[in-house]
1. According to a simple spin-label model (label point 7 Å from Cα along Cα-to-Cβ), what is the distance in nm between R47 and V385?
2. Assuming R0 = 22 Å, can you tell me the calculated FRET efficiency for the pair R419 and E236, based on Cβ-Cβ distance, to the nearest 0.05?
3. Taking the radius of gyration and the Kirkwood hydrodynamic radius from Cα positions alone, what is the Rg/Rh ratio for region 1-131, to two decimal places?
4. Could you give the nm distance between label points at R251 and L31, where each point is 7 Å from its Cα heading toward the beta carbon?
5. Normalising by the residue count of region 266-320, find the relative contact order in percent from Cα pairs under 8 Å and 6+ residues apart.
6. From the backbone phi of region 413-426, what are the Karplus-calculated ³J(HN,Hα) couplings (6.51 cos²θ - 1.76 cosθ + 1.60, θ = phi - 60°) in whole Hz, Gly and Pro given as x?
7. Pop the C-beta distance of L171 and R99 into the FRET formula with R0 = 41 Å and round what comes out to the nearest 0.05.
8. Taking a probe of 1.4 angstrom, what is the accessible area of W317 in Å², to the nearest 10?
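The values are calculated or read from the model by the stated rules, or taken from the named source; none is laboratory data. Because the structure is predicted, anything quoted here is derived from the model rather than measured. Here the Cβ positions follow ideal geometry from the backbone for every residue, glycine too, while neighbour counts run over all protein chains shown. Side chains included, ligands, DNA and RNA excluded: accessible areas come from the protein's heavy atoms. Shrake-Rupley method; radii C 1.70, N 1.55, O 1.52, S 1.80 Å.
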Amino acid sequence: MRTLGKAANHTKIAKKSFVLLCVLGAFVVVLLCQAPFAWRRFYVYPRTEAALAALGRQRAPAEPRADGLIDLRGIIHCHSDLSHDSMGTPGEIIAAGQRAGIDYLIMTDHFGWLTDADVIRRGLRGEHGGILFIVGAEMRDGVMPLFLDRPPDRYDPHEPLQGYVNDLRALGAVVFLDHPDDPRRRWDIQGWTGMEIYNLHADARKTNLALYSRLSEQFWSMDRYPLRVYYRIFREPHEYLALWDRFTTRRRVVGIAGNDAHQNNGARLVVRADGALLLTDTSGNPHKAPWLVLADPLSRHLARWRFGDLTPGRTLWRADADLYERTFRFVSTHLLASSRTESALRRALEEGHAYVAFDSLAAATGFDFALRQAGARRAIMGDEVAFGPQEVLEVRVPVEAVLRLVHGGHVIRRQTGRRLLFPVHSPGVYRIEAHLQVRGQLLPWIYSNPIYVR
Ligand SMILES: [Zn+2]
């Protein structure tokens, strides 16, 4: 009997040890899987930030431009709660813009979904919190009219696209085409001024980063180093730039950054009118089903214990990836304007006196790309001039960068420094790309609009 009892005891101990080993094993596996994320959080990202801060300290104090133009940094393509897929309030957008230090913001809510004419009528315009707001809209087929004072008199989604664009132009809008990644984009229509050469929302949507990695990055680093996490999804827009280069050989096309800010990539736990708990995204899209509905008493009990009052409509918990402030800090479109007014911004945008900058790496204000012509004449990015002898392209950047001069889509000069001079021997379309060398990586920083030498 004693031997039997001993044997049973041994089996029990063996079982216990096995369970313990399994738990320990699982713990080690989780630890190993999470190690790369922890390593980035505590080793890579702090060092990248330090390297960027060191780069920023090289900056010479910004001097006013000789031509009197001012460099205004702002955001084009932003959605609010007037769109079907955003819950962002005007107050949130203004506060985020102030924190990000932007000068202007062009709102482009979806037109043709829920609020249509209200998108134009009630859109944020004028000065708010030191930011100049302008109204535009994102319409069918990626048509993005900017500077819209009033809604179109008629809206026929089946009207041929060219007539639609003509109507918008007759209303005084400056028409851009967005999402160059969309294969349905109608580049053949007439009357558009420019295009997005980068779209952040598309980048996030097309990322190869698995959900597991995104959630892990969110957990470890999003609060502390959000813009470094953004770089995990960032892809250099080679195809869009190539497309742009093809268009500009034929005519002037203004390149801008599409922030496409929605603040709708996140999760929230809310109380429904009937008291059920919903785990859903942060888009507020009424056509989207929640991920999880918890209506049982136990869930409600636990929620009350953890979050307190369960008043219908209350948000109990929320986690965001694409807060407006982050999206605004990441990339922007700089306009060289004669003054800080809507009409001056419009002129600068139409003329392509603009460049796209990833200011989250280093503030790009102070960048200049110009053509010194005979006499004291000077053309800047966006300008179209006749070819003449003794013309020199001149580039200046506020901190040391790898500068690439692109001519007709091909890099014809590559140089590291703060300045580049290039004598122009032949007509063509010239633009600049500046990359920053950060801890052995070459990161895209600035894309200028071209100077067109015809
Ligand atoms: Zn959009």
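1. Going from the V385 label point to the R47 one covers 4.5 nm.
2. 0.40
3. With Rg and the Kirkwood Rh in hand, the quotient comes to 1.39.
4. Taking the two extended label points, one gets 6.4 nm.
5. 47 percent
6. Residue by residue, region 413-426 yields 8, 10, 8, 9, x, 10, 8, 9, 10, 9, x, 8, 9, 8 Hz.
7. Numbers: r = 33 Å, r/R0 = 0.81.
Calculated transfer efficiency: 0.75.
8. Accessible surface of W317 is approximately 110 Å².
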